[in-house]
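The values are calculated or read from the model by the stated rules, or taken from the named source; none is laboratory data. None of these values were measured; they are calculated from a predicted model. All Cβ positions, glycine included, derive from the backbone under ideal geometry; neighbour counts span all protein chains shown. Keep in mind that these areas ignore ligands, DNA and RNA; they rest on the heavy atoms of the full protein, side chains included. Shrake-Rupley method; radii C 1.70, N 1.55, O 1.52, S 1.80 Å.
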Amino acid sequence: EVVLAVAPPRTGKTAWLGNVVIDAPGACVATSTRADLHEHTAGLRSQRGPVMVFNPEGLGGVPSTLRWSPLDGCAQPQEAMLRAGYLLAGSPGAAGTEDRQFWEGNSFKLLRCYLFAAAVSGHSMADVARWVGNARDHTALDILERHGGTPPGWAGDVRQLAEHAPEKTRESVFLTVALTLQFMADPALARSVVPEPAEKTFDVRRFLEQRGTLYLIAAERAHGSLAPLFTALCGHLFETAKVLASHGTNGRLDPPLMMALDKAALICPVPLERWTSDGGGRGIPLVITIQSPSQLFDRWGKEAGRTIWSNAAVKLIFGGLTVAEHLDDISALCGERDQRVRSHSRSHDGKHSHSMSLRRVPVLSSDALRTLGPFRTLVLHRTTRPVLGRVVPVWKRSDVRRVARAPKHEAARG
């Protein structure tokens, strides 16, 4: 099932999500803006399989154990196209501009060509960022024109954009791609996408077979965000897992790949309108957390946001929401119930009478929803009646406490 948790800050979301990560029966990918999810779950997950961390900013003092280049596999045109699409999906890009589809379509053409050119010629992401930063740099175009495996029309697309497109179009396209790769301006972040020659490539098949865990940790930034990089890496995992699932029993992964996307709108805005329609049936369950329903519409747009909301078979609503429209909509999903109303009247001659009537009232009012206490949540599951649940914080689990008490060398051995 697709699970969507709506949890304002400090309402118990991490306390719940940690349980999801620990209990995932197979491989698990967990995104977060803080190191606490890793702190509470990595010890137990290491007993199930290898644990990897992609934390280029070093948040919480948790060291990265993985470096990954978006160029991985891009010598294949199809992979270059997928990777370009996911990088742009994680970028602010042309959001909010007129003719957004036009700008994004041209940005996609340029980025797929640059990724392919770099991959087939042995260049790095640093080179791609340099090409993007200078529209007059024809290095990628020269590679495309010389390489025998360049798909028809790709070199022509770059030449058209770089040399013949109107100046405004050219500047807008290159700016959109430059914003996508803005994180490359930070040397520490740039090093995270340039593996050493001796480093092994991230093997998705092995990761799934070994029931590994990958933590992606990054701060939410207005500029230079790692969101495009995280989106591309998660996209690589998702697309590879889909291919592997197609060869499995009933077209599903067994055990499944759990994708726990905390703060998805901020640091890993994968195309959830598609993933939520396709993932569950392939054995790739999604658990998504947002701070407010408005984040869906702000990040993915009105219609895509509605699709994500509708596709979430399970919705967990934590207390603390304060937008009346959101509270009213969620209250309406809970339905109404009959409430007995006793009335009393007195006639002119002094006689008293009592009567009983029914009126319809909300099952859970907006105010009751807003004031749900800590670690309480409303559970909405498709056609099931609404349920009020209580979260057991992950740090109160006996197995988590046992690992926390163990000496570090014993916890590492599992």
Once you have a ≥ b ≥ c as the square roots of the Cα gyration tensor eigenvalues for segment 174-306, tell me rounded if a/c is under 1.5, and otherwise prolate or oblate according to whether a/b is larger than b/c.
oblate
Segment 30-172: percent of C-alpha pairs farther apart than 19 Å?
60 percent
At His247 and Ala406, where each label point lies 7 Å from the Cα along Cα→Cβ, what is the point-to-point distance in nanometres?
3.4 nm
How much net charge surrounds Trp275 when only other residues with a Cβ under 11 Å from its Cβ are counted (Lys, Arg +1; Asp, Glu -1)?
0
Cleavage-rule hits, trypsin sites (Lys or Arg not before Pro), segment 101-159, DSSP coil, Cβ neighbours within 10 Å at most 12
Arg136
Going down the list Lys200/Lys263; Lys315/Lys396; Lys109/Lys302; Lys13/Lys396, which pairs span over 22 Å between their C-alpha atoms?
Lys200/Lys263; Lys315/Lys396; Lys109/Lys302
Considering only the chain, percent of DSSP beta bridges that pair antiparallel, nearest 5:
45 percent
Mind checking the full-extension length gain between Leu333 and Asp186? Use 0.36 nm per residue of separation minus the Cα-Cα distance, one decimal, nm.
48.4 nm
Once you've got the GNM for the chain with C-alpha springs shorter than 10 Å, pick whichever of His381, His164, His223 has the biggest mean-square fluctuation.
His164
Expected field for Leu358, accessible surface area in Å² at 1.4 Å probe radius, rounded to 10, holds 110 Å²
Compute the distance in nm between two label points, each set 7 Å from the Cα along the Cα-to-Cβ direction, one at Ala126 and one at Thr371.
6.0 nm
Provide the convex hull volume over Cα atoms per residue for segment 5-55, in Å³.
82 Å³
Highest GNM mean-square fluctuation, the chain, Cα pairs closer than 10 Å: which of Ser292, Ser225, Ser353?
Ser353
For segment 1-63, what does the relative contact order come out to in percent, with C-alpha contacts under 8 Å and a separation of six or more?
27 percent
Which net charge results when you count Lys and Arg as +1 and Asp and Glu as -1 among the other residues whose beta-carbon is under 10 Å from that of Leu266?
+1
Ser192: net charge of surrounding residues, Cβ under 11 Å, Lys/Arg +1, Asp/Glu -1, itself excluded?
0
Taking the reciprocal of mean 1/r across every pair of different Cα atoms in the chain, the Kirkwood radius in Å is 23.5 Å
Kindly give the semi-axes, whole Å and largest first, of the ellipsoid equivalent to segment 95-185, taking each as the square root of 5 times a Cα gyration tensor eigenvalue.
21, 15, 11
Percent of all Cα-Cα pairs per 5 Å bin for segment 280-355, counting from 0 up to the last occupied bin, reads 3, 10, 16, 17, 12, 7, 6, 5, 5, 5, 5, 5, 3, 1, 0
How large is Rg over Rh for segment 1-112, taking Rg from the Cα atoms and Rh as the Kirkwood inverse mean of 1/r across Cα pairs?
1.05
Among Thr33, Thr322, Thr213, residue whose mean-square fluctuation peaks in a GNM of the chain (springs only between Cα atoms under 10 Å)
Thr322
Cα-Cα pairs of segment 237-343 separated by more than 23 Å (percent):
40 percent
Förster radius 60 Å - calculated FRET efficiency between Thr33 and Ser345, Cβ distance, rounded to 0.05:
0.50
Over the chain, relative contact order from alpha-carbon pairs under 8 Å, at least 6 apart, %:
27 percent
Can you check what the Kirkwood hydrodynamic radius comes to for segment 264-414, Cα pairs only, in Å to one decimal?
19.4 Å
